[in-house]
């Protein structure tokens with residue numbers, strides 16, 4: 001499970017510190033075995049809930065890793081999934097001490113081929129940013145356009161022009177005005193938006 | 001293995017008639033078990049070579065199917081790959097009688113969840129047509145721009161404007177003029193092109 005969020009304006013991934021060999025003490029991706037009576041996606045949803053308490057977020061199969069040497073214990077085939085968790089959902093989570101969020105651009109060495117798995121998930125996410133509305137899955141229920149722009153900028157690692165960004169978002173036609181406003185300090189109040197169809201990722205033509 | 005080609009100007013997929021239960025007599029996708037000492041991709045390359053005699057073509061992991069009920073014999077997880085085979089490579093292949101090419105738009109009922117697998121592969125291929133040079137992988141070593149346009153039209157299922165298509169291909173900058181010409185009947189001779197980097201699929205920005 002590659003579980004992404006945006007934290008302190010940076011793309012971050014949830015890692016678990018391993019307490020057993022191999023790679024004891026090393027950080028790795030959370031995950032586990034597929035049960036006999038569940039689909040692969042059900043197993044991914046269950047792992048996400050067990051490891052983070054989070055349910056109902058965007059989740060997608062990434063890739064299946066099957067190098068015979070990837071696990072020193074024997075042949076283990078890893079069907080990887082990635083999930084996008086809105087950053088506000090994290091505040092309410094009590095995190096077990098062996099779990100921690102790490103910035104994707106400053107990862108420690110990871111167990112097994114997990115570094116390769118995170119890299120592929122990040123590549124997929126960046127590619128999808130170009131041609132889909134996937135980044136909206138990081139947003140809380142209600143958000144301002146400035147908050148949305150900050151999420152895009154943090155994933156892309158570059159500043160975006162405010163006017164162009166707003167035009168692009170408007171063209172997507174997937175947000176609706178909640179009628180509510182958000183006021184921060186001395187700033188002008190900003191409109192709060194929400195997704196028209198939460199959980200749905202549209203392909204941009 | 002979802003093995004695609006363009007045959008009689010239609011997208012086609014290679015199917016195998018099953019001789020054993022379950023689904024005896026039914027058409028299904030060719031495939032087999034992964035050996036203990038090979039990667040998933042090596043297994044896919046081997047299956048392609050064993051079933052069709054074809055090597056050195058474009059091949060990519062598609063998706064992993066793991067519904068517990070997908071195989072009545074027990075839990076079988078299928079890591080699917082799709083391959084694109086240039087249509088001229090097929091002429092030299094002696095095809096075993098249990099293997100046959102089927103038009104993707106007129107498939108018979110398929111064994112297991114293979115219909116779902118073909119549908120997903122076709123969806124991926126069509127999506128990639130929009131933002132990559134994947135269709136070039138169907139081409140023989142040397143080809144005319146009219147032949148390339150016919151391949152795009154056959155996958156998309158619609159006619160394309162010749163001038164716009166040529167502009168679009170030129171912008172890709174991935175073909176080179178062989179200096180040779182192809183002359184068919186009374187038509188003007190047409191330039192023969194080849195890929196600058198065979199096997200490489202470029203993402204179009």
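Before moving on, here are some points about what is shown:
- Between 0 and 90°, nearest 10: helix B:40-52 axis offset from chain B longest Cα axis: 80 degrees
- Ordering B:70, B:183, B:75 by the number of other Cβ atoms within 10 Å of each residue's own Cβ, fewest first, gives B:183, B:75, B:70.
- Per residue, the convex hull spanned by the alpha carbons of chain B comes to 142 Å³.
- Taking chain A and dividing mean pair separation by its residue count, relative contact order in percent (alpha carbons under 8 Å, at least six apart): 22 percent
- For the protein assembly as shown, the orientation-averaged shadow of the C-alpha convex hull comes to 24.7 nm² (one quarter of the hull surface).
- Residue of chain B whose Cβ sits closest to the axis mapping B onto A, with distance in whole Å: B:64, 2
- Take the Cβ atoms of residue A:190 and residue B:123, set R0 to 51 Å, and the FRET efficiency comes out at 0.85.
- Helical mean residue ellipticity (222 nm; -39500 (n - 2.57) per DSSP H run of 4+; nearest 500) of the protein assembly as shown: -8500 deg cm²/dmol
- Segment A:1-67 versus segment A:162-179: alpha-carbon centroid distance in Å: 32 Å
- Förster radius 56 Å - calculated FRET efficiency between residue B:158 and residue A:49 (Cβ-Cβ, nearest 0.05): 0.80
- The other copies place their residue B:32 label points at 3.7 nm from this one, listed shortest first, where each point is 7 Å from Cα along Cα→Cβ.
- Distances between copies of residue B:103, taken at a point 7 Å out from Cα along the Cα→Cβ vector and listed shortest first: 5.7 nm.
- Contour excess over end-to-end distance, with Cα ends at residue B:99 and residue B:35 and 0.36 nm allotted per residue: 20.8 nm
- Comparing B:148, B:156, B:84 in a Gaussian network model of chain B where C-alpha atoms under 10 Å apart are linked, the largest mean-square fluctuation is found at B:156.
- Label-point spacing for residue A:172 across the identical copies (point 7 Å from Cα in the Cβ direction), in nm and ascending order: 2.9.
- Neighbour counts of C-beta atoms inside 10 Å place A:76, B:104 in the sequence A:76, B:104, starting with the fewest.
- Candidates B:182, B:138, B:165: whichever shows maximal mean-square fluctuation once chain B is modelled as a Gaussian network with Cα springs under 10 Å: B:182
- Burial ordering of A:126, A:174, fewest other beta-carbon atoms within 10 Å first: A:126, A:174
None of the figures in this text is laboratory data; all of them are computed from the coordinates on show. Here the structure is a predicted model, which means the values were calculated and not measured. Don't worry about glycine lacking a Cβ; one is built from the backbone with ideal geometry, like all the others, and counts go over all protein chains shown.
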